[in-house]
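Below is one structure, written out as C-alpha cells, with a few remarks after it.
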Amino acid sequence: MRTSRRSRAALAGLGIVAVLAASACGADSSDATPSGVPSSASATPDGAGAALTQTLDALVRNGFPGVQVVIDGPGGHRVVTKGAGDLATGAPIADDARVRIGSNTKTFVSTVVLQLVAEGKVELDAPVERYLPGVVRGNGNDGNRITVRQLLQHTSGLPEYLAGGNPEIKAAPNTPQLEVLTDAVRWRTYTPEELVRVAMSMPPQYEPGAKSVYTNTNYILLGMLIEQVTGRATAEEISTRILEPLGLRDTYTPAPGETGIRGPHPVGYQDIDGTRVDFTEEDPSWGGTAGDMISTGADLNRFFTALLTGKLLPAAELEQMKRTVPFDREARNSYGLGLIRQNVSCGKEVWGHGGSIPGFGTHTGVAADGTAVALTVNQLPTSEATAEVVDRAFDAAFCG
C-alpha cells in the first residue's frame with residue numbers, strides 16, 4: 001500500500017491533526033463531502049450542549065464513522081457519542097472504549113523526563129550526549145550540540161524518521177524514512193535504536209535551537225534517555241510513576257509485537273487512496289515513545305488534569321513545561337515541553353496535546369476552570385476541511 005497525499009498530511013508527525021485545536025472555530029465546512037455514514041447509533045446525555053451536539057452531527061455527516069467526546073470537571077462526567085464505532089454493526093463507540101492515542105504519548109514521556117529533572121537525575125540544558133553517548137551522531141547530527149530541552153520542545157533540528165513528518169518538506173526519492181501505511185511497516189516490530197538509525201542516516205533539518213519543527217525522532221530519543229538514566233524500560237517508568245498512582249487501569253503501552261487493542265474498542269478506519277480500510281490492528285512500535293500508547297477518554301482526562309494541577313510535577317518543573325515556543329503545526333497555538341497551549345474561541349486557556357495514528361485521532365485539553373475534554377474519531381481526517389470540522393467539535397466542548 002502507498003500513502004495518499006491527503007492521508008500523509010493527516011499522519012504527519014503522529015499528531016498533526018489532533019493538536020490543531022480549534023484552528024477553525026466557526027469555519028464553514030460545507031465544502032467537505034458527506035459520505036452517507038449512518039449516524040443512528042448515537043447517545044447524547046442530558047445536559048450536552050446544543051453546539052457540541054451539532055458539531056458532532058457534522059462530523060458524521062462529513063464522513064467520519066464515529067466520534068466520542070468525554071468531558072470531566074466541575075460539571076461532572078459526561079460522554080457524548082455520535083456515529084458508529086463499527087460500521088458493520090452500527091454499534092456506537094463504547095463509553096469505556098480503548099483507542100490508540102498517538103502523540104499524547106509524548107506528554108507521558110515528557111512528564112517522566114521532568115520528574116527525573118526534579119529528582120536531579122537529568123538536566124534540561126545538558127547535552128544529549130551526556131545521557132546517550134554516541135547515539136546522536138553522523139551526517140552532521142551531533143548530540144554534543146543538542147540539549148534535553150531541545151528534544152522536548154522540538155527545537156533540536158534532528159531529522160524525522162517518518163515520511164511526511166514535516167509537511168513542508170517533501171520526502172526525497174528513495175528516502176530511508178518509514179512509510180507508515182505500508183504493510184512492511186504496519187506489521188514489523190521496531191526497536192528505538194532502529195528508528196534512530198533511520199534518522200541519523202539523514203542530515204539535520206536546521207541548526208539546533210534555530211526554530212521548532214515537530215519531529216518524532218526527538219521523543220524516541222527521550223524514551224531511550226529515560227531507560228539509560230533509570231535502568232528500566234520507559235513503559236515501566238510510565239506505569240510506576242503515572243499510571244499506577246493515578247489509577248489509569250485502561251492505559252498501557254503495547255507489548256513488543258502486540259497488534260491488537262485490549263478490552264472494548266472501536267474499529268479504527270484509515271482512508272488509503274480513497275478506500276476505507278480497517279486499520280485497527282497494527283504493530284505500533286514504529287511510533288514507539290513518540291506515539292504507541294493506548295488509553296480511554298476518561299483516563300486521558302484524569303492524566304492531563306493531574307499533570308496540570310501539580311499532582312505529577314513540582315511547580316518549578318510544571319512551569320518549565322509550560323514555557324512555549326511558536327508551534328510549526330499551528331500558528332495560533334504554542335508548544336512547551338511535551339505540552340501544547342491551545343487557543344479556543346471563547347478565550348479559555350487550554351493545555352493538552354493530541355495525537356494521530358492510523359485509525360484514530362484524539363484531541364485532549366484541560367481548561368483553567370478544570371474542564372477536561374478528550375475527543376476521539378475513529379478515522380483520521382482526509383482533507384483540511386474535514387480536519388476543521390474536528391477542530392470545531394473540540395472547541396464546542398469547551399465553548400459551546
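The values are calculated or read from the model by the stated rules, or taken from the named source; none is laboratory data. Just so you know, these numbers come straight off a predicted model, no measurement behind them. Don't worry about glycine lacking a Cβ; one is built from the backbone with ideal geometry, like all the others, and counts go over all protein chains shown. Surface areas here come from the heavy atoms of the whole protein model, side chains and all, with no ligands, DNA or RNA. Shrake-Rupley method; radii C 1.70, N 1.55, O 1.52, S 1.80 Å.
Rundown of residues vs (1) closer than 14 Å to A396 by Cβ; (2) under 22 Å from the mean Cα position of the chain (by Cα), yes/no style:
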position	(1), (2)
A50	yes, no
L56	yes, yes
R61	no, no
V67	yes, yes
D72	no, yes
K82	yes, yes
P92	no, no
A97	no, yes
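So for region 66-83 (the condition being open to solvent by less than 10 Å² (accessible area, probe 1.4 Å), in a loop (DSSP other than H, G, I, E, B) and of a type outside the set (S, T, N, Q)), does at least one residue qualify? Within region 66-83, not a single residue is open to solvent by less than 10 Å² (accessible area, probe 1.4 Å), in a loop (DSSP other than H, G, I, E, B) and of a type outside the set (S, T, N, Q).
Considering G359, G355, the condition of being open to solvent by less than 10 Å² (accessible area, probe 1.4 Å), out of contact with any Phe, Trp or Tyr (no Cβ under 7 Å at 6 or more places or on another chain) and in contact (Cβ under 8 Å) with a residue 12 or more places away in the chain is satisfied by G355 alone. When you check A235 against the structure, is it in contact with a Ser or Thr (Cβ under 9 Å, 6 or more places away or on another chain) and either open to solvent by 20 Å² or more (accessible area, probe 1.4 Å) or in a loop (DSSP other than H, G, I, E, B) (or both), yes or no? Spelling it out, A235 is indeed in contact with a Ser or Thr (Cβ under 9 Å, 6 or more places away or on another chain) and either open to solvent by 20 Å² or more (accessible area, probe 1.4 Å) or in a loop (DSSP other than H, G, I, E, B) (or both).
Just one of the numbered conditions (1) in a helix (DSSP H, G or I); (2) under 18 Å from E227 (Cβ atoms) is not true of S103: (2). For region 305-322, the criterion of being open to solvent by less than 20 Å² (accessible area, probe 1.4 Å) and not aliphatic (A, V, I, L, M) is satisfied by no residue at all. Considered as a group, the residues in region 299-341 that are under 17 Å from the mean Cα position of the chain (by Cα) and free of Cβ contacts under 8 Å to residues at least 60 places away in the same chain include one that is nearest to R262 (Cα to Cα), and that residue is D299. What number goes with the only condition from (1) more than 24 Å from A97 (Cα to Cα); (2) open to solvent by 20 Å² or more (accessible area, probe 1.4 Å) that G263 does not pass? For G263, the exception is condition (1).
What tally of residues in region 220-244 results from selecting those that are touching a helix residue (DSSP H, G or I) at 6+ places or on another chain (Cβ under 9 Å) and free of Cβ contacts under 8 Å to residues at least 60 places away in the same chain?
Quick first cut of region 220-244, residues touching a helix residue (DSSP H, G or I) at 6+ places or on another chain (Cβ under 9 Å) only: 220-230, 232-238, 241-243.
When the remaining residues are screened for being free of Cβ contacts under 8 Å to residues at least 60 places away in the same chain, the result is 227, 232-233, 235-236, 243.
Summing the residues that are touching a helix residue (DSSP H, G or I) at 6+ places or on another chain (Cβ under 9 Å) and free of Cβ contacts under 8 Å to residues at least 60 places away in the same chain in region 220-244 gives 6.
For region 270-298, filtered to residues that are more than 17 Å from the chain's Cα centre (by Cα) and outside any loop (DSSP other than H, G, I, E, B), the residue that is surrounded by the most Cβ atoms within 10 Å (Cβ to Cβ) is D271.
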